[in-house]
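**Student:** Quick one: structure below, then a few questions.
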Amino acid sequence: MSITRLSDLADKTACSRLVVKVGSSLLVGREGLRRAWVEGLVAEIAAARARGQDVIVVSSGAIALGAARLGLEKGGRGSLADAQAAAAVGQIALSGLWAELLGHHGLTAAQLLLTLEDLEDRRRYLNATATLTRLLDAGAVPVINENDSVATQEIRFGDNDRLAARVAQAARASAVLLLSDVDGLYDRNPKDPAATLLPEVHGVTAEIHAMATGDSASGLGSGGMTSKLQAAEIAELAGISLAIANGTYDAPIARAVEQGIGTLFTPRRKAGARKAWLGGRLRLRGSLTVDAGAAKALGSGSSLLAKGVTQVEGVFQRGDAIAIRDLEGRTLAHGLSEYDAIECSRLIGTHSSEQETILGYSPRSSIVHRDQLILL
């Protein structure tokens, strides 16, 4: 049974495993921790568990909580050092809060702190999958956040929207619910009186991206609508639905599913587990630009041959994830390179009959094999 409407998020048959992402501005207001609101959300999570659904929480708020306790300006985001220090203090408070409130309902909280590399590296990704699966089988509620106390700009998600989508992939979830400070995706800036809320989006297209705004009304969060659309794209690759709903109300999950207020993104396709992981990667080592003929061949399911490559960018090794782009700069696919960047540069535009002389050994069948490639 597939998810076709927001009310399906409360149906254990359609949605057996739900990832709920909670933004910083929902947990921490101008006056500090919004404890009563969190208590209400935890009651909703307990209700979902009682009806037979697994729930994973992706919770922001560590930096905001830590900044308040340390008296740091700009919500702890004035510098990387401030953010890391605030996260180190705030994460204790945040995990303690979730453990306490879930415990009131007889539920056990489990904390996982993840960095980008934990979900970008295939082996570590599979380890995260195994841990999440075991925790859920044991009846725990995993509470996940980015490990902001050690993550730097180069190795971080930067927002928990995309982290939630990657966690959903790893946990093989049915759906992701992003609780935000807006009702969902509007066809234009929601501050415009003529803006219309879109109840359902079937696949994220260029037109959908054009509707997004990067602004966050609260000033406390790090994500905007653009990051939420990127999260929807990541979820879609794994056949996972994603919803955006307004979390500023009491009992926000009930408001979304019972009143149907929000935007539901339904996937157009479902890739295999490995290809979904590859397509959802946020950190790529380089890129290859291809000509029109190669772009057409890729769209028909072919591997990428050296003959169609026109440019190589980045420093990468064999087996690294790279982007494949057309001549206009549009990303067509992600794939694992069969050669390092230097070899790719030497092979640009060549036929297989020429490649043994260039390389000094028998060439591989392609630059990126179709089994190690996913079209976006």
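**Student:** Of the conditions (1) outside any helix (DSSP H, G or I); (2) touching a helix residue (DSSP H, G or I) at 6+ places or on another chain (Cβ under 6 Å); (3) at pLDDT below 95, L113 satisfies every one except a single condition; which number is it?
**Tutor:** (2) is the only condition that L113 fails.
**Student:** Across segment 316-370, what is the total count of residues that are touching a residue at least 40 places away in the same chain (Cβ under 8 Å) and either within 19 Å of L237 (Cβ to Cβ) or open to solvent by 80 Å² or more (accessible area, probe 1.4 Å) (or both)?
**Tutor:** The qualifying residues number 15.
**Student:** Right, another one. Go through segment 293-315 residue by residue and tally those that are open to solvent by 40 Å² or more (accessible area, probe 1.4 Å) and under 19 Å from K275 (Cα atoms).
**Tutor:** 3
**Student:** Being surrounded by 14 or more Cβ atoms within 10 Å (Cβ to Cβ), on the phi > 0 side of the Ramachandran plot and not β-branched (V, I, T): is that true of G75 here?
**Tutor:** yes
**Student:** If you go through segment 336-376, how many residues are of a type in the set (S, T, N, Q) and either in contact with a Lys or Arg (Cβ under 6 Å, 6 or more places away or on another chain) or outside any helix (DSSP H, G or I) (or both)?
**Tutor:** Of the residues in that region, 5 qualify.
**Student:** Filter segment 2-13 down to the residues that are under 13 Å from T266 (Cα atoms) and outside any helix (DSSP H, G or I) and list them by number.
**Tutor:** S2, I3, T4, R5
**Student:** Which is surrounded by fewer than 18 Cβ atoms within 10 Å (Cβ to Cβ), among the aliphatic types (A, V, I, L, M) and within 21 Å of the chain's Cα centre (by Cα), of L126, L80, L113?
**Tutor:** Answer to the check: L126.
**Student:** Out of the residues in segment 22-59 that are of a type in the set (G, A, S) and outside any helix (DSSP H, G or I), state the one that is most open to solvent (accessible area, probe 1.4 Å).
**Tutor:** Only one residue tops the list, namely G52.
**Student:** Filter segment 245-274 down to the residues that are at positive phi and over 23 Å from the mean Cα position of the chain (by Cα) and list them by number.
**Tutor:** Correct list: A251, G260.
**Student:** May I pose another question? Sort out which residues of segment 187-199 are surrounded by fewer than 16 Cβ atoms within 10 Å (Cβ to Cβ) and under 23 Å from L237 (Cα atoms), and write them in order of number.
**Tutor:** If the condition is that a residue be surrounded by fewer than 16 Cβ atoms within 10 Å (Cβ to Cβ) and under 23 Å from L237 (Cα atoms), then P199 is the only one that fits.
**Student:** Still on this structure: Does G184 satisfy being part of a loop (DSSP other than H, G, I, E, B), open to solvent by less than 60 Å² (accessible area, probe 1.4 Å) and modelled with pLDDT of 90 or more?
**Tutor:** yes
**Student:** Turning to a different aspect of this structure: N145 versus (1) touching a residue at least 12 places away in the same chain (Cβ under 8 Å); (2) open to solvent by 30 Å² or more (accessible area, probe 1.4 Å): which is the lone unmet condition?
**Tutor:** With respect to (1) touching a residue at least 12 places away in the same chain (Cβ under 8 Å); (2) open to solvent by 30 Å² or more (accessible area, probe 1.4 Å), N145 is out only on (2).
The values are calculated or read from the model by the stated rules, or taken from the named source; none is laboratory data. Note that the structure is a prediction, hence the values are computed from the model and not measured. For neighbour counting, all protein chains shown are included, and Cβ atoms are generated from backbone atoms with ideal geometry for every residue, glycine included. Ligands, DNA and RNA are excluded from the accessible area calculation, which covers all protein heavy atoms including side chains. Shrake-Rupley method; radii C 1.70, N 1.55, O 1.52, S 1.80 Å.
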